[in-house]
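*Asks:* Before I ask anything, here is the structure I am working with.
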Amino acid sequence: MSEEKILGIGNLLKSNREKLGLSLDDVEQQTFIHKRYLRAIEEERWESLPGFSHAFGYVKNYGRVLNLDQETLKSVFQQSYPNLPKKEPSPRSKYRDYTPEKADLFKKILLFLIIAAAILTSLYLSIEFRKNRVDAGDTFLITEVTEQPELTPSLVESSPELTPALVQVSTPTPIPEYLLRVNLQTEDVAWLQVTTNDNQKVFSGILIPQKEYRFLSNSPLIMSCLNGSKVRVLLNGTEAGFLAENDQRSERTFRP
């Protein structure tokens, strides 16, 4: 036993193999251990082996082929093996522990970006809605403004009392009749922008359900929308279907 301790596990295995007239190829065929590992054991190059558990398993199988006592092999191996942690993860376990985390990193980043985009979109829509919130009875008018005649000094001087003359109205002002009346009601949140032929913006904002939006005009109105397939149109008191055929951005012109 003392001689075996002096020899070390590598020399012990090699000397007994040579006594039996076996080559490393012979041992490889009987143990199914690659010859490079067998040579590394004989030369005690432990860094070339997967780890403590694999090295000890190889030594036991090698010793069985040489008919060596297993307790003797274990004792000599423990003295020959360097003072390293006895439980090292195999390369496969390291791969399982590390690679999935690395592979999932992209998914986590992507999920975070999607959530962040959803939050920012919701915040933007909320701000736009508050800025452009419209009551159900709101009316948007487009009228042609004509210049009123100015009072001349002669008219002012000829009036005995200036204030009554300006306040009194001989005939009531007629309520204007609009040739184009567009009423909108939406079944879902939608975005709408209304402009005139000369590109003047009449309305831009979010339409919300359970509210009615009325647009009165004597000239054409151009309506650009998103989610227009959810917006019902009442044109001059007659059902006119939906504002658009799909939820994509679309444009529709209403004429008197």
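Read-outs: derived from the displayed coordinates by stated rules, not from any lab. Since the structure is predicted, the reported quantities are computational estimates derived from the model, not experimental observations. Please note: Cβ atoms are built from the backbone with ideal geometry, for glycine as well, and neighbour counts cover all protein chains shown.
*Asks:* How long is segment 2-80 along each principal axis, judged by its Cα atoms, biggest number first, in Å?
*Replies:* Extents along the principal axes, in whole Å: 30, 28, 18.
*Asks:* Could I have the simple spin-label model distance between residue 109 and residue 232, label points 7 Å from Cα toward Cβ, reported in nm to one decimal?
*Replies:* Each label point lies 7 Å from its Cα, and together they span 4.9 nm.
*Asks:* Within the set of other residues whose C-beta is less than 15 Å from the C-beta of residue 222, count the net charge using Lys and Arg as +1 and Asp and Glu as -1. Show your work: numbers first, answer last.
*Replies:* Details: positive: 201, 249, 252, 255; negative: 198, 251.
So the surrounding residues net to +2.
*Asks:* Considering only the other residues whose Cβ falls under 14 Å of the Cβ of residue 17, what net charge follows from Lys and Arg at +1 and Asp and Glu at -1?
*Replies:* Numbers: positive: 14, 19, 35, 39, 64; negative: 18, 25, 26, 28, 42, 43.
So the surrounding residues net to -1.
*Asks:* What number comes out for the charge environment of residue 38, summing +1 per Lys or Arg and -1 per Asp or Glu over other residues with Cβ under 14 Å away? Walk me through the intermediate numbers first.
*Replies:* Numbers: positive: 14, 17, 35, 36, 39, 45, 60, 64; negative: 18, 25, 26, 28, 42, 43, 44.
Residues close to residue 38 contribute a combined charge of +1.
*Asks:* Still on this structure: If each residue's Cβ is checked for other Cβ atoms within 10 Å, how do 128, 177 rank with the fewest at the top? Please list the in-between numbers first.
*Replies:* Values: 128 14, 177 8.
Result, fewest neighbours first: 177, 128.
*Asks:* Just rank 28, 245, fewest to most, by other beta-carbon atoms within 10 angstrom. Numbers along the way, then the final one.
*Replies:* Details: 28 17, 245 11.
Ordered from fewest to most neighbouring Cβ atoms within 10 Å, 28, 245 come out as 245, 28.
*Asks:* Go through segment 15-84 and name the chymotrypsin sites (Phe, Trp or Tyr not before Pro) that are in a DSSP coil and have 15 or fewer other Cβ atoms within 10 Å of their Cβ.
*Replies:* Working: sites: 32, 37, 46, 52, 56, 58, 62, 77; in loops: 32.
Within segment 15-84, the qualifying chymotrypsin sites (Phe, Trp or Tyr not before Pro) (loop, at most 15 other Cβ atoms within 10 Å) are 32.
*Asks:* Measuring from label point to label point, each 7 Å out along Cα→Cβ, what is the residue 124 to residue 46 span in nm?
*Replies:* 6.2 nm
*Asks:* For segment 228-256, list residues with backbone N below 19 Å from a point placed 7 Å from the Cα of residue 218 toward its Cβ?
*Replies:* Of the residues in segment 228-256, 236, 254-256 have backbone N under 19 Å from the label point off residue 218.
*Asks:* Considering segment 212-256, what Rg and Dmax in Å follow from its alpha-carbon atoms?
*Replies:* Here Rg and the maximum Cα pair distance are 10.4, 29 Å.
*Asks:* Compute the length gained on full extension between residue 39 and residue 255: take 0.36 nm times their separation in residues and subtract their Cα-Cα distance, giving the result in nm to one decimal. Please report the intermediate quantities before stating the final value.
*Replies:* Details: separation 216, 0.36 × 216 = 77.76 nm, distance 9.36 nm.
Extra length available between residue 39 and residue 255 comes to 68.4 nm.
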